[in-house]
Amino acid sequence: MPMSWHQRQRFPNRHVRTSHQPTPSPHPDVPPRRRDGPQEPPRAAGKPSTMMPPGRILPPLLLLLLALSAVTPCTPQPNATRFVCTEPTLSTFPTGLPPTTTAISVEFTALSTLGPSALRGLPRLQELHLSSNRLATLPAALLRPVPTLLVLDLTGNLLADLPSTIFTSSSHLQHLVLRQNRLRALRPPWFQPLSRLSWLDLAANALAELPPAVFHPLRSLQSLDLSHNRLAALALGSLAGLRALERLDLEGNGLETLPPAAFEPVPALRFLFLQHNELRALPAAVFAPLHHLRVLDLARNRLRALELPPRPPGPVLDLDISGNPWACKCPLLALLRWAAPRLLAAHCTLCATPTALRGQEVAAVSQAGDMGCEQHLPEH
């Protein structure tokens, strides 16, 4: 069975990229029942049958065992603060949760619907983890009874849309994960109340564009994951308002171009992931506003020439430019010598042209420094 929230670390600050693999279905097929005669109800392997001959009286101990086996899975405990349920057969949200509950984790179940009053009577709730279920819609009033909510995780459901007012009462929300759903568009009203949000994960959806200034209310946002969507372009103003953003992931979107001022709204950026796109060229000085950048991943694009952020005064830049058809000429070689980044996957960072250097490692050619490229060094 896949790991529940309590068995895995949530919200890593990712320096080393990991692939996004779809979560296996947690709902095993029910084996077919025979049709050649009366069937005894299925029971656990090795468990004795509870069927008794007519006229026999069940002993008290057996009656007690039968009563316990009939208890609804994942029964809430009185005065508990955390509720965890990963029962694959669960199809309705548990009721009777105590008002002391601060965290709920109902994951890897058959849950497909939530009523508008599902969270009523839980005034202290701070975390709600509903990943890997079958939720296709959410009621607009779902989160109104829990204004203290800090974390909402809806990973791996079937959500194609959300009500415009779903987060109206969620001004304290800090972490919102909508990863691996079916969202095709973002609604600006979702983000209006979320001025304290610091982590937003929208990866692995079907987003084809970002409305201008859609994230503008998110003045506290530090991490934004838009990887593995369908963003062929990043419209000017898409990142407006994200002055505190430190981590931006745009991996695997099929991006073909970037606007010259794409990153002006995010001067605090430290980690930028642009790998596995269709970028053929970078606008001049596109990374110039990023004085704090520490990790830049441009691997597996179609780049022949490179742009880099200003050389940082502190730690060197971690740079991955592998899997591109580099033109090993003076502009590239001199830039790498001047910036002196820590080149990741250097053995996969190869020259495509000129013919004499084809297949050689870019780093080795640059470090050789015997091509008379000093006049191409950037000004300090």
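The values are calculated or read from the model by the stated rules, or taken from the named source; none is laboratory data. Computed from a predicted structure; not experimentally measured. Quick reminder, even Gly has a Cβ in these numbers, built from the backbone with ideal geometry, and neighbours come from all protein chains shown. These accessible areas exclude ligands, DNA and RNA; they are computed on the full protein's heavy atoms, side chains included. Shrake-Rupley method; radii C 1.70, N 1.55, O 1.52, S 1.80 Å.
Some notes on this structure:
- Residue check, Ser227 closer than 27 Å to Leu344 by Cα and hydroxyl-bearing (Ser, Thr, Tyr): yes
- On inspection, Thr148 passes the criterion of being within 23 Å of Arg120 (Cβ to Cβ) and either surrounded by fewer than 16 Cβ atoms within 10 Å (Cβ to Cβ) or modelled with pLDDT of 95 or more (or both).
- The number of residues in segment 175-191 that are open to solvent by 10 Å² or more (accessible area, probe 1.4 Å) and in contact (Cβ under 8 Å) with a residue 40 or more places away in the chain comes to 3.
- Residue check: Thr155 meets all listed conditions (1) more than 18 Å from Pro217 (Cα to Cα); (2) of a type in the set (S, T, N, Q); (3) surrounded by fewer than 17 Cβ atoms within 10 Å (Cβ to Cβ) but one, namely (3).
- Of the residues Ala118, Ala110, the single one that is within 22 Å of Pro163 (Cβ to Cβ), open to solvent by 10 Å² or more (accessible area, probe 1.4 Å) and either modelled with pLDDT of 95 or more or among the polar types (S, T, N, Q) (or both) is Ala118.
- For segment 81-100, the set of residues classified as open to solvent by 30 Å² or more (accessible area, probe 1.4 Å) and either of a type in the set (Lys, Arg) or assigned to a strand (DSSP E or B) (or both) consists of Arg82, Val84, listed by residue number.
Residue-by-condition table, conditions (1) closer than 28 Å to Ala203 by Cβ; (2) among the charged types (D, E, K, R):
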position: Val266; (1), (2): yes, no
position: Arg311; (1), (2): no, yes
position: Gly323; (1), (2): yes, no
position: Leu332; (1), (2): no, no
position: Arg342; (1), (2): yes, yes
position: Val365; (1), (2): no, no
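- Of the listed requirements (1) part of a helix (DSSP H, G or I); (2) farther than 20 Å from Thr137 by Cβ, Pro189 misses just one: (2).
- Here Phe287 passes the criteria (1) part of a loop (DSSP other than H, G, I, E, B); (2) closer than 21 Å to Asp201 by Cα; (3) touching a Leu at 6+ places or on another chain (Cβ under 9 Å) except the one numbered (2).
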